[in-house]
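Below is one structure, written out as structure tokens; the observations come after it.
The values are calculated or read from the model by the stated rules, or taken from the named source; none is laboratory data. Remember, predicted model here, so these are calculated numbers, not experimental data. Methodologically, a virtual Cβ is constructed for each residue, glycine included, from the backbone with ideal geometry; neighbour enumeration extends over all protein chains shown.
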Amino acid sequence: MVPLSWYLALSAVLFTIGVVGVLIQRNVISLFMCVELMLNAVNLSLIAFSRLHNDVTGQLFVFIVMAVAAAEAAVGLAIIIALFRSRETLNVDEADLLKL
Amino acid sequence: MEFSHILFLGLAALAVVAAFNVILQRNPIYSAIGLIVVLCSLAALFLTLSAQFIAAMQIIVYAGAIMVLFVFVIMLLNVRAEETRIDKQKYLKWLAAPLFLALLAEVMAVVRYVDLTPQPLPSANGAAAPQDVLGTVENIANGMFTNYLIPFEAASVLILMAIVGSMLLARRERKEDVERIEKALVAQLEEEKFEEEVAA
């Protein structure tokens, strides 16, 4: 049996990689994918803890997180399309005003 | 070293390498492919944690639906011209490495000092159950439709709102369309006023 701390360590590594990606990427779609990476790292933690406590609740949380991630992806990509139509760019440094 | 250790290490190495691929590529389509690899290896890791249903959902919803949406948008928008642009904030790259190490050390320190011995899986007659019963569809449904019914319904409302919102946001607004709709609305209002006057 693999120790649970290994799973948590992998989750921490993936989350940190996601944070670094948000810092170094400037393409808004890539930023979005780094956010998805962080969400998945947290999902791995939740499922590892669900196994630790032998309780299915953690897996239900993961299910809700997946639903929220799907909604977030749909709305976020719609915003990206609207942004690209008005600015002709995907660089986040160019989009520094709240209005379109 | 057991087989499960080798399996975990292989999947973890694949996930980490693919995650680095996500953040280091300049072209978002390669990042998307890296993310798909991460999602698939995480699904395999979910299976080793006896979360079968979530592993299937991970493949269907994440690697299937969400990533297709991403690839669709990348193809729809012209990203070729973006690659040559110059970074305005170069210092963030140098800030990223120490932040990476600090955050990693912090979380690892916490993981090290927490007691993490898995409890034996319960079963109906008190004996130790086989390892693969925790995340079955039956168990998930039992939790979801009894104790967590309200979050489940809230999630469905959220998804409905997201559908309507994304359609509204990504819609292309043409000037002549707006004028046509405005004219129709004004005409309707005038008609109603006229009918009211006739009735009076």
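Reported count of residues in segment B:1-20, each being more than 10 Å from chain A (Cβ to nearest Cβ) and surrounded by 15 or more Cβ atoms within 10 Å (Cβ to Cβ), is 1. Check whether at least one residue in segment A:19-42 is without any contact (Cβ under 8 Å) to a residue 60 or more places away in the chain and more than 16 Å from B:Val22 (Cα to Cα), and report yes or no. Checked against the condition, which is being without any contact (Cβ under 8 Å) to a residue 60 or more places away in the chain and more than 16 Å from B:Val22 (Cα to Cα), segment A:19-42 yields at least one hit. If I ask for residues that are at the interface with chain B (Cβ under 7 Å from one of its Cβ atoms) and of a type in the set (Ser, Thr, Tyr), which ones from segment A:8-37 would you list? Across segment A:8-37, the qualifying residues are A:Thr16, A:Ser30. All of (1) farther than 20 Å from B:Ala109 by Cα; (2) surrounded by fewer than 21 Cβ atoms within 10 Å (Cβ to Cβ) hold for A:Ile47 with one exception: (2).
The set of residues in segment B:40-65 being buried (at least 23 other Cβ atoms within 10 Å of the Cβ) and either more than 7 Å from every other protein chain (Cβ to nearest Cβ) or part of a helix (DSSP H, G or I) (or both) consists of B:Leu42, B:Leu45, B:Phe46, B:Ile54, B:Gln58, B:Tyr62. When you look at A:Asn40, is it within 7 Å of another protein chain (Cβ to nearest Cβ) and closer than 17 Å to B:Ala15 by Cα, yes or no? Answer is yes for this residue.
For B:Phe70, state whether it is of a type in the set (Phe, Trp, Tyr), at pLDDT below 85 and surrounded by 11 or more Cβ atoms within 10 Å (Cβ to Cβ). Taking the combined requirement at face value, the residue does not satisfy it. Is it true that A:Phe84 is buried (at least 19 other Cβ atoms within 10 Å of the Cβ) and more than 7 Å from chain B (Cβ to nearest Cβ)? Taking the combined requirement at face value, the residue does not satisfy it.
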